[in-house]
1. Do any helices (runs of 4 or more DSSP H) lying entirely in the stretch B:61-122 carry at least 2 residues that are without any contact (Cβ under 8 Å) to a residue 60 or more places away in the chain and within 22 Å of residue B:17 (Cα to Cα), and which ones are they?
2. Among the residues of the stretch C:810-820, is any of a type in the set (D, E, K, R), in contact (Cβ under 8 Å) with a residue 40 or more places away in the chain and surrounded by fewer than 18 Cβ atoms within 10 Å (Cβ to Cβ)?
3. Looking at the stretch C:632-662, which of the residues that are open to solvent by less than 80 Å² (accessible area, probe 1.4 Å) and over 25 Å from residue C:833 (Cα atoms) is modelled with the lowest pLDDT?
4. Which residues, taken from the stretch C:410-430, are surrounded by fewer than 24 Cβ atoms within 10 Å (Cβ to Cβ), part of a loop (DSSP other than H, G, I, E, B) and in contact with a Leu (Cβ under 9 Å, 6 or more places away or on another chain)?
5. Take the stretch C:682-727 and flag every residue that is touching a Leu at 6+ places or on another chain (Cβ under 8 Å) and hydroxyl-bearing (Ser, Thr, Tyr).
6. Just to be sure before I move on: is residue C:684 free of Cβ contacts under 8 Å to residues at least 12 places away in the same chain, in a helix (DSSP H, G or I) and at the interface with another protein chain (Cβ under 9 Å from one of its Cβ atoms) in the structure I sent?
7. Within the stretch C:522-564, restricting attention to residues that are open to solvent by 90 Å² or more (accessible area, probe 1.4 Å) and of a type in the set (S, T, N, Q), which residue is modelled with the highest pLDDT?
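The values are calculated or read from the model by the stated rules, or taken from the named source; none is laboratory data. What you see is a predicted model; the values in this text were computed from it and never measured. Positions of Cβ are backbone-derived with ideal geometry, glycine not excepted, and every protein chain shown enters the neighbour counts. We work out accessible area using only protein heavy atoms, side chains counted, and drop any ligands, DNA or RNA first. Shrake-Rupley method; radii C 1.70, N 1.55, O 1.52, S 1.80 Å.
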Amino acid sequence: MTAPGQDTEAALAGRPSRRARPVPLLPEEQDRQGFRRRRLVDAACAMPFFGMLLWWLPLLWRGTDAGGEGITTAQALIYIFAVWLALPLATGLLIRAIRRASAPDRPEVRP
Amino acid sequence: MTGQVLLIEDEPNIIEAIKFILSREGWQVFSHSNGDTAVQTVRERAPDVVILDAMLPGRSGYDILRELRESTETAALPILMLTARGQTKDREMAERAGASRFMTKPFSNAEVLDAVRALKGA
Amino acid sequence: MNTLNALAAISLGYVALLFAVAFFAERAAQRGRVKWLRAPLVYTLSLSIYCTGWTFYGAVGSAARSGVEYLTIYLGPSLVMIGWWWILRRLVRIGRAQRITSVADLISSRYGKSNLLGVAVTILAVVGTTPYIALQLQSVTLSVDVFANIDSEGAGASSTAFWVAVGLAVFTVIFGTRTLDSNERHHGVVMAIALEAVVKLAALLAVGGFVVWGLAGGVMEVLARIDASPMARWQVDAGRWTGLMLLSAAAFLCLPRMFQVLVVENDNDRQLRMAAWAFPLYLMLMSLFVVPIAVVGMDLLPEGANPDLFVLTLPLSQGREGLALLTFLGGFSSATSMVIVAAIALSTMVSNHIVMPIWLELRRGAASVSGDVRQVVLLSRRLSIGGVLLLGYLYYALSGGGAALAAIGFVAFTGVAQVLPVMLGGIFWRGATRAGALAGLTFGFVTWLYTLYIPSLGGGALFPEVWFTHGPLGIGWLRPEALFGVTRLDPLLHAVFWSLTLNTVGFLAVSMFTFPSPLERLQAVQFTTVQGAPGGARSWLPGAAQTEDLMIMAQRILGARDAQALFRREAERQGGEDMIPTPTPEFLQRLERELAGSVGAATAHAMVGQIVGGLTVSVEDLMAVADESAQMMEYSARLETQSRELTRTAAELRAANEKLTRLSVQKDAFLSQISHELRTPMTSIRAFSEILRDTDGLAKTDRNRYASIIHDEAIRLTRLLDDLLDLSVLESGQVSLNLARGKLSDVIDRAVAAALAEDGDRLRIRRRSLNEQIWLHTDLERLSQVFINLIANARKYCDAAEPELEIRVLTQRDQMLIDFIDNGSGVAAEARDVIFEKFARVSSDQKAGGAGLGLAICRQIVTRLGGDISYVGEHGGAAFRVVLPIRQEMAAQ
């Protein structure tokens, strides 16, 4: 358990770390990354409830009363299918983002 | 009043002492010191009185006594039992086995003589 | 060439293609090329068995009849997939970790591996799935009929269902029970249904595209047509919309076939991550053209045409036979893939939870080989598949198809949804118990049967008509469609509401008031604490916290002292100052080994792995389990120790008692003996002294002789008394040793001379004086006394014709052994352990001449000299061994 201490010493003395390995993330960076990942997971968890809400919305709409104001089935269908397209895509994007956020070992830019 | 006495005893000194005491008064004394052959010797000699030690090599005196009492010809034979263990238990055993008299070692010479006489007279 | 024959040929060709795909996939899997078989896309497509023939054809029919309500059965599963993080991720991980083979297996193993629950879920699944299979057979038959009607031959259609069932059975048996994979994965089947998924989506999209762009003339036109149709007015029943959405979501999770593809066939999280967004899109595409097809179909087709078959009849009516054929294949794919997977899932359940337990019960006691069982399992799977399909066919044949079947979809959904509370409770709520699960399932199942399943068979089928209006026995609140007086509710929603409510209430209530068994608790912990579960994102940086957890656990299992010692040792080994070692692999391995000694290797591995890996079980729960097992182990160990101690004590007491009895008999015998030994010389002394006193004129020789007898006997008495005194002094420890230097050979010389003074020539002594050249520093007189006694004993008791005594001396490191071995018959076995006791005399032989004190005295002396004497003549003659210590300075000389 002495290795991290040595590394810190080396960093303090301004000497380069002897071993060639990815520069470890600073604690605050690590923290920020974890935080970001947790928020993304939160968003993923919220998705089904969001979807439920969106798909419950048509229940509140009033149908057209013989040409009066209201919504037609075609409009409703467009809405429902739009949500149906958007929700999975959003979910897919979230999953991708979460995977990126939880793979910090892979350096984005190589020096 | 004299007669034949068979002494069944294994301690040579005691045999000698009893022989001396009885023969001095005219008794004819034979001795036998083996338990195993004692009964046979009694039958062969047919003595008037038997003096039997309780502790013999080969066979205990009580055993010999019991066998003698079981046979008709020796059932009434006067037998004086001697023992070196002076416990009540031994006296009871001797009486149960059918001893005519019982005497604990060491004894006085007069006692032995009296006992033999009394047994012959009875 | 008529259409029907062409259809048959094309169907067979398609089936042959499926066989080929399945076959090559299986072969690839066997060769280990499973990477592409496990592709997330294949997994996603395999989920499409949710869209059965019922939905392929029926969705359009449903839309034509009751508007957009059909969407709910796709929206529900879409939400479940989008919310994969909540339930599916957990379910899939549990499925992989616990090697779950079916819904029944999940429930059974979660609740303490209860087979009763497994059987209950299996029955529920079979009852719920059979009508569904019948529905698929009907959809194929109906679609074939459509083509048959064109040829207006109209015959032989009823046998379609039968041959389809047989064909499916064959396919399923071949690819579903090819091997017995412990993971229950069927690459061939999954590949085939993935292909079918593509076919059915393509078919629906093709028909949809044809309808929208071919018939209606574009998207805007279609929308206009919709708004001009009878369903133009936006009108949804909020209750059914919500209820059906939830119901379909529940069924999506609980349907045996869905569980099979979702959980059992799942290989990794990657598959789920793709399916989470791709499958909702698939569902969306599947339902996209349903309303257009329905609307256009209603417009174009004659009044009274079956809207359930619009997908097929619409292209046909336009002369697009090729398109119709594709549609047919799509419908065929939907139906067959569902039946195949359902049959596999059900056969696994029936075989594992009903057939195998019964078979094993019957075979109990008979020796069974593993290969043997394997064949039986495969056979029972195959028979189960046949049975399931036969049931489906019989249901179809007996119900006569038609409208009664169309309604069965939701009925079946409601039935299998009864598993949901128990399933969710099982993976989220640790407090759920077996009894609770059983109660919930029973309540739900019975309510479902009563309020939905039996009424669905048609009024008067099983219940008298009057029950529906007045309730059984006139009890109004028991009316099957108005339970507890809840009227004016849609019968389906009524049944869903009551069955799931009673189910959940029963499950919760009974769980709260029952106590789970240890196995149940262990399983509960494993199922409810999957890594990454919400709230469980604890960090586990290697270090003190983790080691402390390990320490606490080790203490509970090994005991505080041993565990602390182990950890301190490890810390020292690692060179640390405090007693907290770093959890290195070496340390963990050693710890595991230590624990394995107490709780078994598997448990130890799991315990350590779970603390270190932060895996399935929380430390707290491990503690509970460890506590329990530690208590049980401790208790049983204590009992064992106690009973062992009792047995030992009893044996010791028995031995002691025997010894005491023997000693008491010996003591009595000794008292008699000592009396005899004292009285015998006294008798002679008294008799001869009286003779000397009373007899006058004894010859001088006689007088001398008698006096010498008296003298000898007096000496004999004295010797006896000396012995007794000697022994009592030795025993009381008041003896003072007269230590002197001397040679062992001298001591033995003296002893031999003394012991054989009387008849030296009878006993031959064999010695090796070379070995006897040992200097001693001891009480030579006392040692000599011991030797004299042993030699005298040999002289007295050796019963050989030519008695011989060997005196053997042996030097061993810091002690010497002096053995006295004669060639007689030795000491009788039963007498060996008493010969050293006081007053013990082995025979009543007079010539022994002693009172049985000799060996007792010897033992006392040797003990005083720091040695030991024992009888070693196990076989052959009597052998006594004297062991004496050699002083270092003595040995040096």
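1. B:109-121
2. yes
3. C:633
4. C:429 - this is the single residue of the stretch C:410-430 that is surrounded by fewer than 24 Cβ atoms within 10 Å (Cβ to Cβ), part of a loop (DSSP other than H, G, I, E, B) and in contact with a Leu (Cβ under 9 Å, 6 or more places away or on another chain).
5. C:706 - this is the single residue of the stretch C:682-727 that is touching a Leu at 6+ places or on another chain (Cβ under 8 Å) and hydroxyl-bearing (Ser, Thr, Tyr).
6. no
7. By that ranking, first place goes to C:531.
For (1) out of contact with any helix residue (DSSP H, G or I) (no Cβ under 6 Å at 6 or more places or on another chain); (2) of a type outside the set (A, V, I, L, M, F, W, C); (3) within 28 Å of residue C:346 (Cα to Cα), each residue gets a yes or a no:
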{"site": "C:254", "(1), (2), (3)": "no, no, yes"}
{"site": "C:258", "(1), (2), (3)": "no, no, yes"}
{"site": "C:263", "(1), (2), (3)": "no, no, yes"}
{"site": "C:269", "(1), (2), (3)": "yes, yes, yes"}
{"site": "C:272", "(1), (2), (3)": "no, no, yes"}
{"site": "C:275", "(1), (2), (3)": "no, no, yes"}
{"site": "C:278", "(1), (2), (3)": "no, no, yes"}
{"site": "C:289", "(1), (2), (3)": "no, no, no"}
{"site": "C:300", "(1), (2), (3)": "yes, no, no"}
